[in-house]
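The values are calculated or read from the model by the stated rules, or taken from the named source; none is laboratory data. Computed from a predicted structure; not experimentally measured. Virtual Cβ from ideal backbone geometry, glycine too; neighbours counted across all protein chains shown.
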Amino acid sequence: MPDTNLTLDQFYSLAAGHLPAKDLPLVEKACAFVRERHGDKPYKYGGTFLQHVTAVAAILVSMKMDMATIVGGLLHGTINEAVASLAEIQEIFGPEIANIVDGTTRITNVRYTAAAVGQVENIRKYILAMGSDIRVLLVRLADRLQDMSMLSAAAEAERRYKARETMDLYAPLAARIGIEWLKRELEDSSFSYLYPEDYARLSRQMDSTLDERQAYVDEVIGILHGKLKAGRVEPVRITGRPKHLYSIYKKLIAQKITVDKVYDKVAFRIIVRTVRECYQALGVIHADWPPVPGRIKDFISVPKANNYQSLHTTVSGPHNHFIEIQIRTEEMDRVAQEGVAAHWAYKEGQQVSRNDARLFRDIKQIVRNLQEVEDPNEFMESLKSELYEADIFAVTPKGEVRELPRGSTPIDFAYAIHSDIGDTCVGAKVNGQIVQLKYRLQQGDIVEILTQKNEHPKRAWLQIVQTARAKNRIRQYCRRVEKERSLKLGRELCERELKKNGVSLQALVRGGQLRLLLKALHCSNLDDMLIKVGSGRLSLSAPIRALQPEACAAPGGERHGEEKREPPRQSGAHAEAPTSGSVALDNIPDMPMKVSRCCHPIPGDPIVGFITTGAGLSIHRAECPNLLATSSTRWVEVTWPAALQQNYNTALLIRAERRKGVLANISSSISADDAEIVELNARTLQNGAEIDVLLSVRDLDHLGLIMQHLRQMSEVVELRRR
């Protein structure tokens, strides 16, 4: 991490050594502005706010950013801290800098975990700001890096929350725009707060072998120089650097090995002058050291989406230790280190290169994909899917490369080419052979998509596709079809029912009664009402009752305007829909009620109340088998209150591999997501372990996040709710 322990004057000297003289007056003005406005105001993690913004701006200078970004870093906290207004920033520093400050302000308080789903619009604004000016993201990343360096002063819950957010959101964002050193810094600092004991133990182990590793690095570098010289390749330099701790930790977990079995703890980098020399150097190395099958990657011919280019190989080197070697030119190395900042088109207004144009186009495509997602949970799923790096590369017959996650299908590939191609996909050829649409693409596959004009996406595709782009497009189509079907059915049903009472929809519109009807039924417009009727969410008799209020008082009558929600039926269940009136939990304060322990419903679950004999109302999940086995005449439709201030218990079943420390790892992951373990029981099976966990969580979104992180653990084989 760059030195950020600077005074404002030292920062100005640092900026003066990087920026052209014409930019310095505005930097000087910004320094005076933040000194006056922030004064000695303390910062939440220690020191003063002035020291924090100075450090953020210094990080941006070290990244060789343009003047607007650096000044934006200095000013990024002024609006949130109420020491300046956006209008004032725009008047003094201009619209370009004001837009950067505004973009960072809008997402400063976004929370990414369970609470973030409720604030998904804030995150959406962040993504939109990133798409319109990526400098917003660069300032935010510098801000987060500085925060992580001071996070030890925060309370434990805050440390864990920030670390999880950084690991899940900010580190992948840094990788997505190619700033590898920043990704490593964010991952390692997050690792230290999420798993402090593992971090401390691995640090000690790595430190204890430092002299041994350095001797090995010196030996390998000497051998590489000799080999390359003999092969008539003159490298600019050869370096060996230890891999960052979190990457080693992931390898320990994934391969189930101890640290002494990790032989490629050091990555070697050979810098040459030309692309031709890159391939010559690779040939020289493979002539004496056999490569590990499947570990040769050519990112020069096929650059990553973030413009990263390099040759990668893993070989069996001296003493039969596996070593990773990267070969690239000096320009490639600069891009690898600086990412999007290496070719910054804003700096001098220079022409954007083809690779840069592709990177910015990809970022804007991410924004477009996420703009189309309305459901909060799907939005977060899509966001994470878009951020993580591709695992495989597949090629069109014309040679166009598409990057996809491992496990992707021809359908994913079709949507990666164009949405219309995905929508009309009926088959695929891979390497000249017809394959099923569920075929899992492999590295380097040549894929030809077969289409038919009048075909459409299938709901079943959602079970096999991997990419967020494909899932979103399929879901959109299915919802549109369902909406159209419900609208048509609702119109037919309403017209038929109204006709029995001597009324028609057209007459309601002409007579002005429609507006009153929609208000009584809490519908935004006529189509909204018809769709609700057609989908079964609104009783067919509700419009008639709303038009004839006296009918509402009939004994056992259904309250008009309320939506009817039938519990989803499980296979084999023959439960009838509720016949009693719809009520909310808030509306029945005099009736004792309890949350059922058989299915442990939590806020966000669809729920149904069951009238017990002498014990009030029992609240069940709508799909609870015990509920569905009862008489529907004792069901009452209920909804969760709008504001809840308590946690609820829910149960998980985890099947995991038998491995040392598995319970500790599961407990640590749950604690990192701010959940409490109420009860934990483990049983040993022949091929693993079965663990019952009773958790205290806020709501369904909170539980979803916990389950997502548990599924990411290599030892977890199966996970489901009880």
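For this structure, a couple of remarks:
- Restricting attention to the range 237-257, the residues that are touching a residue at least 40 places away in the same chain (Cβ under 8 Å), surrounded by 14 or more Cβ atoms within 10 Å (Cβ to Cβ) and either closer than 15 Å to I270 by Cα or small (G, A, S) (or both) add up to 1.
- Answer residue from the range 310-347, given it is of a type in the set (G, A, S) and surrounded by fewer than 23 Cβ atoms within 10 Å (Cβ to Cβ) and is modelled with the highest pLDDT among those: S310
Listed here are the residues, each with its yes/no results for (1) surrounded by fewer than 19 Cβ atoms within 10 Å (Cβ to Cβ); (2) assigned to a helix (DSSP H, G or I); (3) hydrophobic (A, V, I, L, M, F, W, C); (4) modelled with pLDDT of 85 or more.
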position	(1), (2), (3), (4)
R204	yes, yes, no, yes
E212	yes, yes, no, no
G222	yes, yes, no, yes
L228	no, yes, yes, yes
R232	yes, no, no, yes
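- A search for C-beta distances below 7 Å between a residue of the range 486-514 that is of a type in the set (D, E) and any residue that is outside any helix (DSSP H, G or I), counting only pairs 6+ apart in sequence or on different chains, returns E495/S504; E497/L540.
- Scanning the range 21-46 for residues that are of a type in the set (D, E, K, R), under 15 Å from V71 (Cβ atoms) and touching a residue at least 40 places away in the same chain (Cβ under 8 Å) yields a total of 3.
- Against the list (1) hydroxyl-bearing (S, T, Y); (2) in contact with an Asp or Glu (Cβ under 6 Å, 6 or more places away or on another chain); (3) under 22 Å from I327 (Cα atoms), the condition S247 fails is (2).
Matching residues to (1) out of contact with any Leu (no Cβ under 7 Å at 6 or more places or on another chain); (2) over 23 Å from F322 (Cβ atoms); (3) polar (S, T, N, Q):
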{"site": "I179", "(1), (2), (3)": "yes, yes, no"}
{"site": "D188", "(1), (2), (3)": "no, no, no"}
{"site": "A215", "(1), (2), (3)": "yes, no, no"}
{"site": "D218", "(1), (2), (3)": "yes, no, no"}
{"site": "G222", "(1), (2), (3)": "yes, no, no"}
{"site": "H225", "(1), (2), (3)": "yes, no, no"}
{"site": "K229", "(1), (2), (3)": "yes, yes, no"}
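- Scanning the range 640-655 for residues that are farther than 17 Å from L694 by Cβ and buried (at least 16 other Cβ atoms within 10 Å of the Cβ) yields a total of 1.
- Of the residues making up the range 443-474, those that are within 17 Å of V395 (Cα to Cα), modelled with pLDDT of 85 or more and part of a loop (DSSP other than H, G, I, E, B) number 1.
- When the range 309-332 is filtered for residues that are out of contact with any strand residue (DSSP E or B) (no Cβ under 8 Å at 6 or more places or on another chain) and either part of a strand (DSSP E or B) or charged (D, E, K, R) (or both), only E331 remains.
- Number of positions in the range 617-636 that are over 19 Å from N649 (Cβ atoms) and modelled with pLDDT under 80: 8
- Count of residues meeting criterion [free of Cβ contacts under 8 Å to residues at least 12 places away in the same chain and crowded, with 18+ Cβ neighbours inside 10 Å] in the range 139-168: 0
- Only one of D264, D298 that is within 15 Å of F322 (Cβ to Cβ), of a type in the set (D, E, K, R), at pLDDT below 90 and in the same structural domain as R328 (by TED's automatic domain parsing): D264
- Looking across the range 265-283, the residues that are within 14 Å of R232 (Cα to Cα) and either surrounded by fewer than 20 Cβ atoms within 10 Å (Cβ to Cβ) or not aliphatic (A, V, I, L, M) (or both) come down to R273, T274, R276, E277, C278, Y279, Q280, G283.
- Within the range 690-703, the set of residues being modelled with pLDDT under 85 and surrounded by fewer than 20 Cβ atoms within 10 Å (Cβ to Cβ) is empty.
- Candidates in the range 8-43 are the residues that are over 36 Å from the mean Cα position of the chain (by Cα) and not in a helix (DSSP H, G or I); of these, the one that is nearest to A153 (Cα to Cα) is D40.
- Of the helices (runs of 4 or more DSSP H) lying entirely inside the range 618-722, those carrying at least 1 residues that are under 28 Å from the mean Cα position of the chain (by Cα) are 662-672, 700-711.
- Top-ranked residue in the range 197-213 [being in contact (Cβ under 8 Å) with a residue 40 or more places away in the chain and touching a strand residue (DSSP E or B) at 6+ places or on another chain (Cβ under 9 Å); ranked as nearest to E324 (Cα to Cα)]: R213
- Every residue from the range 392-426 that is of a type in the set (D, E), over 24 Å from the mean Cα position of the chain (by Cα) and either surrounded by 15 or more Cβ atoms within 10 Å (Cβ to Cβ) or part of a helix (DSSP H, G or I) (or both): D420, D423
- Within the range 524-546, tally of residues that are crowded, with 19+ Cβ neighbours inside 10 Å and charged (D, E, K, R): 2
- For the range 671-686, a residue qualifies if it is free of Cβ contacts under 8 Å to residues at least 40 places away in the same chain and either of a type in the set (K, R) or in contact with a strand residue (DSSP E or B) (Cβ under 9 Å, 6 or more places away or on another chain) (or both), and the qualifying residues are A675, E676, I677, V678, E679, L680, N681, A682, R683, T684, L685.
- One residue alone among T69, T78 is part of a helix (DSSP H, G or I) and hydroxyl-bearing (S, T, Y), and that residue is T69.
- Looking only at the range 663-679, and only at residues there that are over 18 Å from Q708 (Cβ atoms) and modelled with pLDDT under 85, the one that is surrounded by the fewest Cβ atoms within 10 Å (Cβ to Cβ): A664
- The set of residues from the range 496-525 being under 16 Å from S539 (Cβ atoms) and either outside the structural domain of S541 (by TED's automatic domain parsing) or not in a loop (DSSP other than H, G, I, E, B) (or both) comprises R496, E497, L498, K500, L517, L518, A520.
- V71 being surrounded by fewer than 22 Cβ atoms within 10 Å (Cβ to Cβ) and touching a helix residue (DSSP H, G or I) at 6+ places or on another chain (Cβ under 7 Å): no
- Checked against the criterion of being under 24 Å from the mean Cα position of the chain (by Cα) and either assigned to a helix (DSSP H, G or I) or of a type in the set (S, T, N, Q) (or both), the candidates A200, A171 yield just one match: A171.
- Close pairs from the range 398-419: first within 9 Å of T467 (Cα to Cα) and of a type in the set (K, R), partner at pLDDT below 80 and exposed (fewer than 14 other Cβ atoms within 10 Å of the Cβ), Cβ under 7 Å, at least 6 apart: none
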